[in-house]
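S.K.: Have a look at this one.
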Amino acid sequence: MFTLMALPYAPDALAPIITANTIGFHHGKHHKTYVDNLNNLVKGTDLEGKSLEEVVMATAGKADKAPLFNNSAQIWNHDFYWKSLKPNGGGVPTGKIADRINESFGSFEEFKKQLSATTVSQFGSGWGWLVADAAGKLKVVKTGNAEVPMTQGLKPLLTIDVWEHAYYLDHQNRRADYVNAVIDKLLNWEFAAANL
Ligand code: MN
């Protein structure tokens, strides 16, 4: 059975950027629904008993497995998103990840500009990501709907959810305000460094 990940902080800990109201719907309803759906979908199939990542990778790009991919990938993405954030996060990272950002983007300011622009410009629902490619270079990419970077050989380090359910109750149409506030005040650089 797949389970709904417990939040690593209190529901009001990310306010006012992400309020407890948004968390209640986003984690308690949207994320939970993906978990409930996937448990129903794998029942009696050869994917029953596989890990979440195995289900994601086994169903990616297969049109006849789209519901399995969408629900498993959305669980994976949300687990990763909650861990990508923390109260009093953001700021400028230090150590190895800071060096890699400077090598890959030229400066932390340039990285921030790219992460914001790329994430805000995702057309419709999706995700903005900091990833490492196979050669170890850090990049900013976006994915649509439930798509994950792993299927393109990219290792995710951080993500920002830009489905409207992630920000609409708090910021309405102002997606850029949400994205920039997440980058400045909520990104969990210890999590990114551990992923690297
Ligand atoms: Mn979401």
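The values are calculated or read from the model by the stated rules, or taken from the named source; none is laboratory data. Small disclaimer: the values here were computed from a predicted structure and weren't measured. Counting neighbours? That spans all protein chains shown, and the Cβs are built from the backbone with ideal geometry, glycine included. Note: areas computed on protein heavy atoms with side chains; ligands, DNA, RNA excluded. Shrake-Rupley method; radii C 1.70, N 1.55, O 1.52, S 1.80 Å.
S.K.: Out of Tyr34, Tyr9, which single residue is of a type in the set (Ser, Thr, Tyr) and over 20 Å from Asn88 (Cβ atoms)?
M.R.: Residue meeting the stated conditions: Tyr34.
S.K.: Are there helices (runs of 4 or more DSSP H) fully within region 1-78 with at least 1 residues that are within 16 Å of the ligand (Cβ to nearest atom), of a type in the set (D, E, K, R) and surrounded by fewer than 20 Cβ atoms within 10 Å (Cβ to Cβ)? List them.
M.R.: 32-42
S.K.: I would also like to ask the following. Given region 82-188, what strands (runs of 3 or more DSSP E) lie entirely inside it while holding 2 or more residues that are closer than 16 Å to Ile17 by Cα and not assigned by TED's automatic domain parsing to the domain that holds Gly61?
M.R.: The qualifying strands (runs of 3 or more DSSP E) are 155-161.
S.K.: Of all residues in region 80-121, which are basic (Lys, Arg) and closer than 25 Å to Leu4 by Cα?
M.R.: Lys83, Lys86
S.K.: Related question: Considering region 95-109 alone, what residues qualify as being free of Cβ contacts under 8 Å to residues at least 12 places away in the same chain, open to solvent by 50 Å² or more (accessible area, probe 1.4 Å) and touching a helix residue (DSSP H, G or I) at 6+ places or on another chain (Cβ under 9 Å)?
M.R.: Passing the criteria: only Asn102.
S.K.: Any residue that is among the aliphatic types (A, V, I, L, M), modelled with pLDDT of 95 or more and out of contact with any strand residue (DSSP E or B) (no Cβ under 9 Å at 6 or more places or on another chain) - is there at least one of those in region 88-99?
M.R.: Within region 88-99 (the criterion being among the aliphatic types (A, V, I, L, M), modelled with pLDDT of 95 or more and out of contact with any strand residue (DSSP E or B) (no Cβ under 9 Å at 6 or more places or on another chain)), the answer is yes, since at least one residue qualifies.
S.K.: Can you tell me which residues in region 138-189 are free of Cβ contacts under 8 Å to residues at least 12 places away in the same chain and acidic (Asp, Glu)?
M.R.: Residue satisfying the conditions is Asp177 alone.
S.K.: Let me ask something additional. Would you point out the residue of region 125-168, among those that are open to solvent by 20 Å² or more (accessible area, probe 1.4 Å) and within 12 Å of the ligand (Cβ to nearest atom), that is farthest from the chain's Cα centre (by Cα)?
M.R.: Tyr168
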